[in-house]
Each structure stands twice: as structure tokens, then as C-alpha cells.
Amino acid sequence: MQHVLESAFAGSRSVELTAGTVLFRTGAPVTDIYLVRVGRVHLCRHSIHGAVMVLQNATAGAVLAEASAYSGAYHCDAVAMDRSVLSRVPKARFLRALAEEPELAAQWAATLARGVQAARLRAEIRSLPRVADRLDAWLDAGMSLPGKGHWQDVAAELGVSREALYRELARRRKGGKET
């Protein structure tokens, strides 16, 4: 049924981003809705203490910042983590398609429901007191550790510092616990 959602992006414009490129910042007006075609884009919020929290790890097939369809301004930053290609359609056109196509609206509702489930899982994981518990819950949810250069992304998703995650990974290697 994902092809139904893709129909909302038929005739869309393409946006290409290099790793590290900011697509939009907190407070920017929402004028377009984005679908990730290639790559990975993080929605990030920065705490007053400088910590970065990843709110969405959008990969191919994901609508980026789906809640922005109902907002006047973005509530976070979008940053390309890899070379990424996105499709973009004007927000008004996207909302009109939802109003006119019941099958598309049903698929959109399912997409939003999955987003709520993912947000709840992320909140549950971040509520755990120990880094070890957060990492275990994240791995139990079907995630896997990326290559060495991307561990800081996992730390951001877990809501812990890079250093805390590195210490936990080192402890597991020493103790023989596989991750």
C-alpha cells in the first residue's frame, strides 16, 4: 500500500543534499512536504545544554517530518546524514490530495500511526535510566549498530553522550557480550 502514498509525490521536484546539509531549521515556515528517496535525514532538536536529540531517522520511503503537514513552522532541524535525494511537493497540494483521495488518506493515517508508535518506543527507550538498558532496548527493537563512524548517531537516538555509548560498547567488548 506504500505505492498509494508515493502517488502524492507524482510529478514532484527533486532535492539533492550532501551529508551535513541542513534542509530546514526550527521555526522555518512549512511550505513543502518531503519524501526521502535515497539516503538518510535526521530530524534533530537541540537541548539547552547542547545535546542533540534525534526525533526521526528518515530513510528511503519515509515522509520527513510528517507532523509538519499540520503545522505552520518546523519544530526541529532536518539534516542529511548521508548523500540524500528527496521528493518535495507543496504542502497545499499534499493536503488537497489527502482530502480528495480516501485511499491516500487511509495510507497517510497508517503512516502517522506508525510514527506515533516509533515516537513512543523512542520515548520509552530514553526513559530507561542506564545506557546499557537503553542500548539493549534499542537492539531488542530490531536495530543494529552501524559502522564505527556512525556510533554518534546511535548515541543521539538513545539520548546519551557519545562518550557514554563508547564506554558501554567497550564494556561489552571486554565482558564478551555481543551487540
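The values are calculated or read from the model by the stated rules, or taken from the named source; none is laboratory data. Every value quoted in this text rests on a predicted model; they were computed, and no experiment measured them. Cβ atoms come from the backbone with ideal geometry, glycine included; neighbour counts cover every protein chain shown. Keep in mind that these areas ignore ligands, DNA and RNA; they rest on the heavy atoms of the full protein, side chains included. Shrake-Rupley method; radii C 1.70, N 1.55, O 1.52, S 1.80 Å.
Specify the angular offset, from 0 to 90 degrees and rounded to the nearest 10, of the alpha carbon long axis of helix 102-127 from the longest principal axis of the alpha carbons in the chain.
20 degrees
Could you work out which residue, out of 142, 72, 61, moves most in a Gaussian network model of the chain, that is, has the largest mean-square fluctuation with Cα springs under 10 Å?
With Cα springs under 10 Å in the chain, the top fluctuation among 142, 72, 61 is at 142.
Give the residue list of trypsin sites (Lys or Arg not before Pro) in segment 111-163 that are DSSP loop and have at most 10 other beta-carbon atoms within 10 angstrom.
The qualifying sites: there are none.
Using label points projected 7 Å from each Cα along Cα→Cβ, tell me how many nm separate residue 128 and residue 59, to one decimal.
In this crude label model, residue 128 to residue 59 measures out at 2.0 nm.
Name the residues whose placed amide hydrogens come within less than 5 Å of the amide hydrogen of residue 39, ignoring near sequence neighbours (fewer than 5 apart) on the same chain.
For residue 39, the qualifying residues are 60, 85.
For segment 117-179, run through the GluC sites (Glu not before Pro) and keep only the ones in DSSP coil with at most 12 other Cβ atoms within 10 Å of their Cβ.
For GluC sites (Glu not before Pro) across segment 117-179 that sit outside H, G, I, E and B with at most 12 neighbouring Cβ atoms in 10 Å, the list reads 178.
Relative to the first principal axis of the alpha-carbon coordinates of the chain, what is the inclination of helix 131-140, with its axis defined by its Cα atoms, in degrees from 0 to 90 and to the nearest 10?
50 degrees
Under the rule of at least 5 residues apart or a separate chain, name every residue whose amide H is placed under 5 Å from the amide H of residue 28.
Amide H neighbours of residue 28: 74.
So, for the chain, what is the accessible surface per residue at a probe of 1.4 Å, expressed in square angstrom?
That works out to 54 Å² per residue.
Of the options 48, 138, 80, report the single residue whose Cα projects farthest towards the positive end of the charge dipole of the chain (beta-carbon charges: Lys, Arg +1; Asp, Glu -1).
Working it through, the farthest residue towards the positive pole turns out to be 48.
What are the semi-axes of the equivalent ellipsoid of segment 1-71, taken as the square roots of 5 times the eigenvalues of the Cα gyration tensor, listed largest first and rounded to whole Å?
23, 14, 12
Any chance you could give the angle, 0 to 90 degrees and rounded to 10, that helix 91-100 forms with the longest Cα principal axis of the chain?
It works out to around 70 degrees.
Rounded to whole Å, give me the distance from the Cα center of segment 95-162 to that of segment 7-21.
Rounded to whole Å, the Cα centres lie 22 Å apart.
Each residue of segment 57-72 in turn: what ³J(HN,Hα) in whole Hz from Karplus with 6.51, -1.76, 1.60 and θ = phi - 60°, glycine and Pro shown as x?
Computed from phi, the couplings for segment 57-72 are 10, 7, 10, 3, x, 8, 7, 7, 6, 4, 5, 5, 4, 10, 10, x Hz.
Can you pull the one-decimal nm distance between simple spin-label points at residue 26 and residue 170, each 7 Å off the Cα toward Cβ?
3.1 nm
Given Cβ point charges of +1 (Lys, Arg) and -1 (Asp, Glu) and nothing else, what value in debye, to the nearest 20, does the dipole of segment 33-132 about its Cα centre take?
Dipole of segment 33-132, to the nearest 20 debye: 260 debye.
Just to be sure I understand: if I project the alpha-carbon convex hull of the chain onto a plane and average over all orientations, what area do I get in nm²?
Result: 10.8 nm².
Run lengths n ≥ 4 of DSSP H only: what is the helix-derived mean residue ellipticity at 222 nm for the chain, with -39500 (n - 2.57) per run over all residues, to the nearest 500?
-13000 deg cm²/dmol
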